[in-house]
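Just so it is clear, none of the values below were taken in a lab; they were calculated from the coordinates. As the structure is a computational prediction, the values presented were derived from the model and not from experiment. Backbone-built Cβ (ideal geometry, glycine too); neighbour counts: all protein chains shown.
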Amino acid sequence: MRTEGNLGAKVRVLRRSQRMTQAELARRLGISPSYLNLIEHNRRSFTADLLVKLAKILPVNLKTFSSEHDERAMAELIEVFGDPLFENIDVVANELRELATTHPVTSQAILRLYEAYQEARGSVQNLTSKLSEDRESGGIPYTLSPTEEVSDLIQRHLNYFPDLEQGAEKLARDAELDDPDTIFKRLSSHLARTLGITVRIETTSAMESALRRYDPETRVLSLSEVLRRDSRNFHLAHQAGLLTNYVVLDQIASDHLLTSDESRALCRVALANYFAGAVLMPYEPFLQAAKSERYDIELLGYRFRTSFEQTCHRLTTLRRQGSEGVPFHMLRIDFAGNISKRFSASGLRFARFSGACPRWNVFEAFLTPGMTRTQLSQMPDGRVFFEIASTVRKQGGGFKAPRTQYAIALGCEVSYANELVYADGLDLSSQDAIVPVGPSCRLCERLDCEQRAFPPLLHSLTVNEQIRGVSFYAPLKT
C-alpha cells in the first residue's frame, strides 16, 4: 500500500512540529535526506513500511494519513465557513481541501477557534436571556465542548477499543457470565468475592433520583428499583468496568484530544458504557448471532437481554480486523432535534456545528412510537444509505416522573442492506424509493427542498418579494 495526495506535506508539518531536521528524520527512517525531501514535496510515494517507522518516531496516529480523515476535516471546514459569519468571504472547496490535507494542524486550530466562538456565542445568548429577566448572572464561561471532544476521540478509534474487549472477555470468563439470565447474580457475586463490593437495589426515594450510586468507602453499589433487567445488568457491568479496567480507561482518556477534566471524565463514562456492552454482548457470539439473524435488533435484544439502544450501539462496535460486522452509523436525537449521540463507520458525514436534515426518517420515528421505520437516503454526493429508525423510552420512576423519549437511527451503505432483515421486500434499486437528504441545510446543495431552513453555502440569497417558490431560500428559475 502507498500513500497518495498531499501526505508528504503532512510529514513535513509533523517533522517541523518536533523541531527535527530532514537529515535527522531521514537517518532514523533509513533513507537519504534527498529522498525525504522529494517525499515531503509529494514527488515520491511514502510506503506503508515508512509510515510504520514514522509512527514510531513522531507522535502521529496513522489514521490521520487516510483519505477518510482528510474528507472529514474538509467537511468540517466547509461547515465552519458555511456560517453566516463568513457569507461575504468567497471560499472555494479546493482551497479548503488544500488546507485540510496540506496544513492539518492549522485546520484543527481553525476548528478549535470556531468551537470556542460557538461556545462563547451561546454563553452570550444565555447571559442576555438572564439579564432580560432581571436575574442575577455571573461572567461568561469559556470552555470547549467535552461532548464534541469525546465524540472526536471515539470516531478516530472507529468506535472499537480492543483493550476494553479483552477486559470484558476476561471479566466474563472469571465471573462465568455464560447465561444472560444469570448475569446480574453472577456478576454481583464476582464483585463481592473479588473486590468486597455489595450490590443493593434501593427505592427511588432512597436513591434521590439517581439510577446508580457507588460509595468507594463502604464499597456499596446501589441501583434504583426503576431499572429494568437490561438496564440493571448494564449499570452493573458499567460499574464493573470502572472498577476493574480503570488503567485502560485512564490510558485512553489521557489522549491529547481531551483538553479538560470534564472531557476526560465524560470519556471514561463513554468507555465504561462500551465495556458494559461488550460484557453483555460478547464480541464473537454477538457477531455470529447478528449475522445469522440478519441484524434483527429486536431478536438480538431478546437473546442477549439488552435494550434497543444498547443493541444498536453494540452493532456499531464490530470492527475487529478480520471479523467485522456491517459498518453502521448511529444517531440519537430528542424531540427538539438535539443530537446526543452520533457515530459513523459507514462513511455518512454528520454536520458537526449545526442540526441534521429533517428528511431523515429518524425525525419521522416520533410520529409512530415503537415502530421501526426504513428509508433509502441519498446524499448530495450520490451515495445511498439504508436507514432504520425507532423511538426508545427511558425509565421514569413513578407516575409523576417524566418520560424521556429519543429516536435512534441505524444505517449503512445500501450495498450492505440485503444483509439486514429490514430490507426484505424492498426494491433497493428503485429510484422512486430514494429520499434525497443532506448533512444540513447550509451544506446541502439541493435547491428544490421544501424543508430548507437556510440558504446553501455556495448560493447567495436572492429575494423577490413578488414571487414565492417551493422554498424561500431556493433561487427562482429564470
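Assuming a ≥ b ≥ c are the square roots of the Cα gyration tensor eigenvalues, decide whether segment 221-319 counts as rounded (a/c under 1.5), prolate (otherwise, with a/b larger than b/c) or oblate. The shape class here is oblate. Lys and Arg at +1, Asp and Glu at -1: add these up for the other residues within a Cβ distance under 11 Å of A423 and post the number. Once positives and negatives cancel, what remains is -3. Summing Lys and Arg as +1 and Asp and Glu as -1 over all other residues whose Cβ lies under 13 Å from the Cβ of A265 gives a net charge of -2. Shape of segment 243-284 from the C-alpha gyration tensor: prolate (a/c of 1.5 or more and a/b above b/c, with a ≥ b ≥ c the square roots of its eigenvalues). Fully extending the segment from Y35 to M371, taken as 0.36 nm per residue of separation minus the present Cα-Cα distance, adds 114.9 nm. Among 303-309, 292-298, the peptide with the highest mean count of other Cβ atoms within 10 Å heads the list, and the full ranking is 303-309, 292-298.
Computed from backbone phi, the HN-Hα couplings of segment 232-238 come to 5, 4, 5, 5, 5, 5, 4 Hz, rounded to whole numbers (Karplus: 6.51 cos²θ - 1.76 cosθ + 1.60, θ = phi - 60°; Gly and Pro given as x).
Relative protection proxy for 260-267, 203-210, 50-57, from highest mean packing down: 260-267, 50-57, 203-210 (other beta-carbon atoms within 10 angstrom). Note: relative contact order over segment 226-279, using C-alpha pairs below 8 Å and six or more positions apart, is 52 percent.
Between R229 and Y117, the FRET efficiency from the beta-carbon distance, with R0 = 60 Å, is close to 0.85. Extension gain for the segment Q288 to T203, taken as residue separation times 0.36 nm less the Cα-Cα distance, is 26.8 nm to one decimal. Once the Cα-Cα distance is subtracted from the 0.36 nm per residue extended length, the A336 to Q431 segment shows a gain of 31.1 nm.
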